[in-house]
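A.B. asks: Following this message is one structure expressed as structure tokens.
The values are calculated or read from the model by the stated rules, or taken from the named source; none is laboratory data. If you're wondering where the values come from, they're calculated on a predicted model, not measured in any experiment. Note: ideal-geometry Cβ built from the backbone for every residue, glycine included; neighbour counts use all protein chains shown. When the accessible area is computed, the model is the full protein with side chains, heavy atoms only, and any ligands, DNA or RNA have been set aside. Shrake-Rupley method; radii C 1.70, N 1.55, O 1.52, S 1.80 Å.
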Amino acid sequence: MSLDARERLIVALDVPSVAKAEALVARLGESVWFYKIGYQLAFAGGLPFAAGLIAAGKQVFLDLKLHDIGNTVTKGVESVAELGATFLTVHAYPQTMKAAVEGKRGSTLRILAVTVLTSYDDADLAAAGYDMGVAELAAARAMQARDIGVDGLVCSAEEAGNLRSIVGPGMALVTPGIRPAGSASGDQKRIMTPARAVEAGADYLVVGRPVVEAADPRAAADAIVAEIEQATGK
Ligand code: C5P
């Protein structure tokens with residue numbers, strides 16, 4: 001994937017209100033081109049706000065992790081495509097992924113699959129009725145995602161190398177849990193620096209608190225982009 005360093009940084013707008021998101025986006029200015037909107041902001045006016053961001057030339061990742069009957073997913077994804085979002089997450093169930101791929105047809109929206117939530121371990125999967133561990137289930141779902149025509153996967157940077165070898169070069173790998181050297185890890189258990197994550201095969205890096213909570217968010221974003229640039233040479 002041939003991407004400039006700045007195209008690879010996705011800032012997670014994990015804030016409670018559109019007013020806070022607007023203030024942050026204004027502060028970040030031209031330093032950030034791509035924003036992720038999750039449940040918190042989406043359910044607090046974040047969807048009209050996303051449309052405004054897109055109209056202003058930014059790219060938007062809607063992290064809505066959809067999962068429902070096929071027809072409902074397809075129709076929902078059609079609406080997200082209409083909004084002009086760039087990325088949308090769905091849970092990596094075959095029916096759901098097929099429905100999402102159908103819904104985005106003819107648009108520029110790209111579907112990302114979440115293989116297994118990172119908060120799940122083998123015991124959580126067993127409690128949910130699965131007879132497979134996390135590694136096995138994540139690998140099986142990654143292959144299904146590729147075969148169904150899903151555009152990319154959300155994964156930890158630690159998994160990126162292994163997943164890349166499973167799915168080949170065609171899928172985008174989008175990784176949260178990124179921490180520049182010296183920043184607080186927060187509740188993230190498996191973290192990697194921006195440089196190491198792209199070296200491990202990540203195409204896009206999702207960064208929340210290290211930018212959002214920085215004293216100077218713009219400088220924090222620029223430092224991450226510079227680190228990616230150094231690692232990739234572009
Ligand atoms: O603040 P931080 O950089 O940890 O934010 C990471 C973002 O990526 C959050 O929006 C979080 O919900 C999201 N995410 C994650 N781990 C996953 C999937 C999404 O941290 N497995």
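A.B. asks: For Ala226, state whether it is of a type in the set (Gly, Ala, Ser), more than 19 Å from the chain's Cα centre (by Cα), open to solvent by 40 Å² or more (accessible area, probe 1.4 Å) and farther than 24 Å from Thr86 by Cα.
C.D. replies: On the way: of a type in the set (Gly, Ala, Ser): yes; more than 19 Å from the chain's Cα centre (by Cα): yes; open to solvent by 40 Å² or more (accessible area, probe 1.4 Å): yes; farther than 24 Å from Thr86 by Cα: no.
In short, no.
A.B. asks: Show the residue pairs meeting these rules: Cβ distance below 6 Å; 6+ apart or different chains; first residue within the stretch 199-216 and part of a loop (DSSP other than H, G, I, E, B); second residue open to solvent by 10 Å² or more (accessible area, probe 1.4 Å) and among the acidic types (Asp, Glu).
C.D. replies: Gly208/Asp14
A.B. asks: Could you check, for the stretch 68-88, whether at least one of its residues is at pLDDT 95 or above, surrounded by fewer than 23 Cβ atoms within 10 Å (Cβ to Cβ), more than 27 Å from Ala195 (Cα to Cα) and within 16 Å of the ligand (Cβ to nearest atom)? So that I can check it myself, show each step before the final result.
C.D. replies: So in the stretch 68-88, the residues at pLDDT 95 or above come out as 68-88.
Subset that is surrounded by fewer than 23 Cβ atoms within 10 Å (Cβ to Cβ): 68-72, 74-76, 78-79, 81-84, 86.
Narrowing the set further to residues that are more than 27 Å from Ala195 (Cα to Cα) leaves 68-72, 74-76, 78-79, 81-84.
Cutting the leftovers down to within 16 Å of the ligand (Cβ to nearest atom) gives us none.
Scanning the stretch 68-88, I find no residue that is at pLDDT 95 or above, surrounded by fewer than 23 Cβ atoms within 10 Å (Cβ to Cβ), more than 27 Å from Ala195 (Cα to Cα) and within 16 Å of the ligand (Cβ to nearest atom), so the answer is no.
A.B. asks: Are there any pairs with C-beta distances below 6 angstrom linking a residue in the stretch 70-96 that is in a strand (DSSP E or B) to a residue that is β-branched (Val, Ile, Thr) and surrounded by fewer than 23 Cβ atoms within 10 Å (Cβ to Cβ), with the two at least 6 apart or on different chains, and if so which?
C.D. replies: Listed pairs, sorted by first residue: Thr89/Val114; His91/Val114.
A.B. asks: Say we look at the stretch 122-135 and pick out the residues that are of a type in the set (Asp, Glu) and surrounded by 13 or more Cβ atoms within 10 Å (Cβ to Cβ); which of these is farthest from the ligand (Cβ to nearest atom)? Explain how you work it out, then say what you get.
C.D. replies: The first filter runs over the stretch 122-135 and keeps only residues of a type in the set (Asp, Glu), leaving 122, 124, 131.
Still in the list and also surrounded by 13 or more Cβ atoms within 10 Å (Cβ to Cβ): 122, 124.
Values: Asp122: 16, Asp124: 14 Å.
Selected residue: Asp122.
A.B. asks: Would you call Asp187 open to solvent by 10 Å² or more (accessible area, probe 1.4 Å), more than 16 Å from the ligand (Cβ to nearest atom) and over 16 Å from the mean Cα position of the chain (by Cα)? Write out each step before concluding.
C.D. replies: Numbers: open to solvent by 10 Å² or more (accessible area, probe 1.4 Å): yes; more than 16 Å from the ligand (Cβ to nearest atom): no; over 16 Å from the mean Cα position of the chain (by Cα): yes.
Judged against the criteria, Asp187 is not a match.
A.B. asks: Among the numbered conditions (1) away from the ligand (no atom under 14 Å from the Cβ); (2) open to solvent by less than 50 Å² (accessible area, probe 1.4 Å), tell me where Ala138 comes up short.
C.D. replies: Condition not satisfied by Ala138: (1).
A.B. asks: Next question. Residues in the stretch 123-161 that are farther than 21 Å from Val101 by Cβ and in contact (Cβ under 8 Å) with a residue 12 or more places away in the chain: how many? Explain how you work it out, then say what you get.
C.D. replies: Let us first name the residues in the stretch 123-161 that are farther than 21 Å from Val101 by Cβ, namely 123-136, 156-161.
Then keep just the ones that are in contact (Cβ under 8 Å) with a residue 12 or more places away in the chain; that gives 125, 134, 156-161.
Total meeting the criteria: 8.
A.B. asks: Identify, please: which residue in the stretch 98-121 is of a type in the set (Ser, Thr, Tyr) and within 16 Å of the ligand (Cβ to nearest atom) and is, among those, farthest from the chain's Cα centre (by Cα)?
C.D. replies: Ranking the candidates gives Tyr120 first.
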